[in-house]
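Everything below concerns the one structure shown next.
Nothing in this text is a laboratory measurement; each read-out follows from the coordinates by a stated rule. Here the structure is a predicted model, which is why all the values come from computation and not from measurement. Using ideal geometry, Cβ is built from the backbone for each residue, glycine included, and neighbour counts are taken over all protein chains shown.
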Amino acid sequence: MNRSVLKDYRLWCLAVAETLVWAGFYYFFPAMLLRWEGDFGWTRGETTLAATCALVTSALAAPRIGRLIDGDRGRLVLTGSAVMGAFLLIALTQVDSRPAFIAVWVGLGLAMGGCLYEPCFAFLTHQRGGNAGPAITVITLVAGFAGSLSFPLSNAIADMAGWRSAALAFAGMVLVVAVPLFWIGTAMRDGEGPLPHERGGHGASALKHAMRRPVFWLLAIGFSTIALNHGMIVNHLLPLLAERQVDGTVAVAAISLIGVLQVVGRIVMILAERRVGMVGICGASFLVIAVAGVLLSAAYWGPVGGAVALLFCFVTLQGAGYGVTSITRPVVTAQLLGRRGFGSISGAMALPFVACTAISPSVGSAIWSWGGYGVLTVGLVFLILFGFLCFTIAVYSAKRLPDPPA
């Protein structure tokens, strides 16, 4: 990795800011899920409906946010969304009914759509073009610890003072730390930014051009299976382990390690990139996640004594496999579909990805209600293998089929 990238203080600002918004917005829901069920008395399906609504909102907002980034408004989008999300976390502490709970999370979904990885990476690609890859890698290496920050810290605060205090703590961290860092990190220097032919006015035509290619749809489906797989795991791993009578401390430690191991996966990716390439690494990540699913299924169906060892093997592969996708998705998408109008293309590609993340808590709950977590663990494996098939065909199509005229 070029040393000049590592010396760019703006990237480190964005990296810390992304860590805090991921920890405070996205991971806060699964971290507090069991506490909300106990506090409010709602069923799992009733509670996870709020997460689904939040992420559906985020998905629907993605194309519009992409167009704003193509129009050079990325700085306002990222900073303003973080401010909005922090105040909504404060509002969350005042809710006492399901409609209010869902309404706050719908607002948080809009905030997440404007400040998590998708808009941040679209901004970097818009700003830096073909040099965005190393910048994205730096940010994900740091922000990969978001889950490892959110789960233990939020639960520690909740143990001492309740979940509302945990929400206020994360709101404060976002307002005081993340918001200023977003503003600093998105400052542009002279000579940076897209070329004239890459600016916002061409985003719509570039998107229409991309959507006429099978590669666009195959990539969208393939990546969406990863979102659905990982979303169900993040939101249901703690209840699944509780059902298997795994000690609560061990369960929290295991899910917290997913973030750490995402970083490990990204480091391995950096070492292997020159030999394998981003496309090869992206394909391998599907298979690593599939093997992780096999291990989780074995941990669930096997004897209790061996479940903990299999659990940590699963966490290692799931974290590493999913970790690289946050880098490979934007980079491979740009390689196969081009960088012109990338904000609009990225926003459109994000819609099914985030939508699958959105429905993952409810899909997981539905499968659990129908066949239990054992059926869910088996389904996760077949789901990701289908995604690998779609990705493989997309790469083949990009190489073999001619690019249709714009």
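Could you derive backbone 3J(HN,Hα) for region 289-303 from the dihedral phi with the Karplus parameters 6.51, -1.76 and 1.60 (θ = phi - 60°), listing whole Hz in sequence and x where the residue is Gly or Pro?
Result, ordered by residue: 5, 5, 5, 4, x, 4, 5, 5, 4, 5, 5, 6, 7, x, x Hz.
7 Å from Cα along Cα→Cβ at both Arg275 and Thr249: what's the point-to-point distance in nm?
Going by the 7 Å Cα→Cβ label model, 4.0 nm.
So between Val294 and Thr392, what do we pick up on full extension, going 0.36 nm a residue minus the alpha carbon distance? Walk me through the numbers on the way to the answer.
Working: separation 98, 0.36 × 98 = 35.28 nm, distance 2.10 nm.
Gain on extension, Val294 to Thr392, equals 33.2 nm.
Region 201-268 to region 320-341: how many Å between their Cα centroids?
If we compute the Cα centre of each part, the gap is 14 Å.
Give me the number: length gained by fully extending Glu46 to Thr93, i.e. 0.36 nm times residue separation minus the C-alpha to C-alpha distance, one decimal in nm.
Details: separation 47, 0.36 × 47 = 16.92 nm, distance 1.83 nm.
Additional length available on full extension: 15.1 nm.
How large is Rg/Rh for the chain, to two decimals, with Cα atoms and a Kirkwood Rh?
0.95
Report, to the nearest 10°, how far helix 342-371 tilts away from the longest principal axis of the Cα atoms in the chain, using its own Cα long axis and a range of 0 to 90°.
Its long axis makes an angle of about 20 degrees.
Taking the Cβ of each residue in Ile221, Ile384 as the centre, tally the other Cβ atoms inside 10 Å and list the residues starting with the fewest.
Ile221, Ile384
How much FRET efficiency would the formula 1/(1 + (r/R0)^6) give for Ser205 and Arg73, where r is the Cβ-Cβ distance and R0 is 30 Å, rounded to 0.05?
On the way: r = 19 Å, r/R0 = 0.64.
The formula returns an efficiency of 0.95 here.
Take each of the peptides 262-275, 233-246, average the number of other beta-carbon atoms within 10 Å over its residues, and list them starting from the highest. Walk me through the numbers before you get to the answer.
On the way: 262-275: 17.0, 233-246: 20.3.
Most protected by this proxy first, the peptides run 233-246, 262-275.
Under the rule of -39500 (n - 2.57) per DSSP H run of 4 or more residues, summed and divided by the residues of the chain, what mean residue ellipticity at 222 nm is obtained, to the nearest 500 deg cm²/dmol?
On the way: 17 runs with 337 residues, N = 406.
Rounded to the nearest 500, it is -28500 deg cm²/dmol.
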